[in-house]
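Structure, as structure tokens:
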């Protein structure tokens with residue numbers, strides 16, 4: 001492979017703001033045309049191959065292995081990023097008759113969505129833990145219906161009419177690649193040309209928390225990018241995310257530097273943050289409160305009141321303002337989560353939990369942003385509740401990465417004492433993020449857990465057992481060489497009836513890297529090898 005081409009500081013800063021970047025990989029001549037025609041044959045003559053689209057059209061490896069794509073993924077996810085087993089070709093057929101501009105706009109609005117973490121996922125996360133590559137093998141003017149993106153919506157719990165009014169088409173020549181934050185809103189375009197439009201998506205995830213910049217960094221000082229194509233100024237969110245991906249111990253270091261001389265009256269700012277003011281003015285006041293840090297403690301009740309109920313941008317600013325205030329916000333946020341649990345636990349399913357797209361409470365994100373001062377309170381809430389509040393506590397601890405390592409014994413206890421597969425899946429993701437001092441055999445034991453209540457199909461023919469085992473294997477893969485003690489269990493998991501679990505187990509063995517693990521991985525791959533020349537007509 002050629003040396004990866006890493007993103008620049010400006011590109012990283014733009015990605016943190018907008019949630020997407022567009023570029024062109026350097027690949028052999030004619031490769032896009034070859035891929036396009038092979039995809040046409042598949043879509044015309046066969047069922048969509050789903051996760052098997054890559055071995056069915058292996059030429060796409062040239063795209064994924066290009067210096068530009070690998071460099072972009074290393075830049076946003078770190079050098080040890082993992083490739084997710086889910087990938088999919090999204091064809092758009094030509095419309096039967098041309099649509100008017102108004103009808104096209106209405107269809108785009110209807111198509112707008114945020115993806116679920118397929119097929120039994122984990123919560124949406126503001127930090128750069130997941131990324132998506134979208135590849136277009138054909139020329140993609142707006143008339144062929146390319147994907148449209150909604151910049152800045154990666155922090156949203158859902159999409160509003162206001163969001164849907166900001167769709168931007170990702171147009172370009174054959175070979176265009178779009179790198180996106182997994183949660184950014186997007187929509188399939190309307191194809192008004194007499195040919196297929198193909199877009200193939202590939203998913204990737206971060207292996208470990210960032211320790212230092214993984215892009216072509218010239219400075220770890222936060223700067224607003226030249227291109228800010230979003231409607232609201234959420235610099236506290238962007239700067240916070242920048243400090244995290246730079247590996248800084250203090251995720252508010254940049255914000256403190258920008259506002260080192262901030263002098264403001266908290267009472268005045270609290271008033272300006274009220275709902276009787278314009279959204280942009282409210283956000284400015286909330287961010288000014290954040291600049292007061294601990295001195296903004298008197299604003300905590302007001303900021304907490306904005307969570308989960310107000311304008312999305314106001315809520316997002318409030319999350320990170322509460323994180324900046326710090327310890328004084330912990331108890332009110334815990335109380336808020338406890339009340340959320342009492343409200344949701346009487347329902348069949350918490351309102352934030354669909355099996356594809358899971359949205360934790362804003363209070364959990366705020367506690368995660370606070371970090372160490374919130375760990376003990378979250379540990380108590382984790383063990384207090386197997387319901388919605390406990391799930392949110394587990395999530396918040398995971399957002400802190402290794403800072404939450406004192407909670408590892410409590411999280412491991414949940415794996416055996418909790419009946420809720422939703423809480424166990426969240427706990428597994430949290431242990432994968434913390435990484436430090438994780439007893440891996442406690443995770444791999446879940447490959448053999450047989451609970452009758454986990455056997456029901458709950459989403460797209462997946463059972464809770466499939467979800468738990470996939471999350472266990474995925475997070476052992478994230479642990480890399482630290483998962484070595486689970487090697488024997490991972491060898492058995494290669495034969496798991498759920499393909500995602502087996503795929504992540506193989507990835508974990510590859511990353512463990514012992515001779516026995518690598519030999520088993522090669523044996524598994526040889527038995528699973530795919531002859532892409534065989535199709536519905538040619539059988540050998």
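Tabulated values for the structure
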{"quantity": "Selection count, region 343-361, where residues are assigned to a loop (DSSP other than H, G, I, E, B) and surrounded by fewer than 19 Cβ atoms within 10 Å (Cβ to Cβ)", "calculated": "8"}
{"quantity": "Selected residue [over 20 Å from residue 147 (Cβ atoms), free of Cβ contacts under 8 Å to residues at least 24 places away in the same chain and assigned by TED's automatic domain parsing to the domain that holds residue 174] from 67, 47", "calculated": "47"}
{"quantity": "Which listed residue, of 366, 389, is modelled with pLDDT of 95 or more and closer than 30 Å to residue 278 by Cβ", "calculated": "366"}
{"quantity": "Candidates 271, 250, 281 - the one that is free of Cβ contacts under 8 Å to residues at least 24 places away in the same chain, under 22 Å from residue 328 (Cβ atoms) and assigned to a helix (DSSP H, G or I)", "calculated": "271"}
{"quantity": "Scope region 110-128; condition crowded, with 16+ Cβ neighbours inside 10 Å and over 27 Å from residue 11 (Cα atoms); matching residues", "calculated": "111, 118, 119, 120, 121, 122"}
{"quantity": "Scope region 158-175; condition under 26 Å from residue 30 (Cα atoms), outside any strand (DSSP E or B) and either in contact with a helix residue (DSSP H, G or I) (Cβ under 8 Å, 6 or more places away or on another chain) or not assigned by TED's automatic domain parsing to the domain that holds residue 89 (or both); matching residues", "calculated": "171, 174, 175"}
{"quantity": "Selected residue [under 21 Å from the mean Cα position of the chain (by Cα) and surrounded by fewer than 17 Cβ atoms within 10 Å (Cβ to Cβ)] from 460, 435", "calculated": "460"}
{"quantity": "Residue 189 being in a loop (DSSP other than H, G, I, E, B) and farther than 28 Å from residue 42 by Cβ", "calculated": "no"}
{"quantity": "Candidate set from region 15-38 (those that are in contact with a strand residue (DSSP E or B) (Cβ under 7 Å, 6 or more places away or on another chain) and part of a helix (DSSP H, G or I)); member that is nearest to residue 76 (Cα to Cα)", "calculated": "15"}
{"quantity": "Unmet requirement for residue 516, which otherwise passes all of (1) in contact (Cβ under 8 Å) with a residue 12 or more places away in the chain; (2) surrounded by 13 or more Cβ atoms within 10 Å (Cβ to Cβ)", "calculated": "(2)"}
{"quantity": "Among (1) over 30 Å from residue 240 (Cα atoms); (2) not in a loop (DSSP other than H, G, I, E, B), the one test that residue 178 misses", "calculated": "(1)"}
{"quantity": "Residue in region 313-331 that is surrounded by 17 or more Cβ atoms within 10 Å (Cβ to Cβ) and more than 17 Å from residue 368 (Cβ to Cβ) present", "calculated": "yes"}
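Residues are listed down the side, and each one gets a yes or a no for (1) surrounded by 19 or more Cβ atoms within 10 Å (Cβ to Cβ); (2) closer than 30 Å to residue 215 by Cα:
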residue	(1), (2)
242	yes, yes
250	no, yes
278	no, no
285	yes, no
289	yes, no
300	yes, no
304	yes, no
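The values are calculated or read from the model by the stated rules, or taken from the named source; none is laboratory data. Model, not experiment: these values are computed from the prediction. Positions of Cβ are generated from backbone atoms using ideal geometry, with glycine treated the same way; all protein chains shown enter the neighbour counts.
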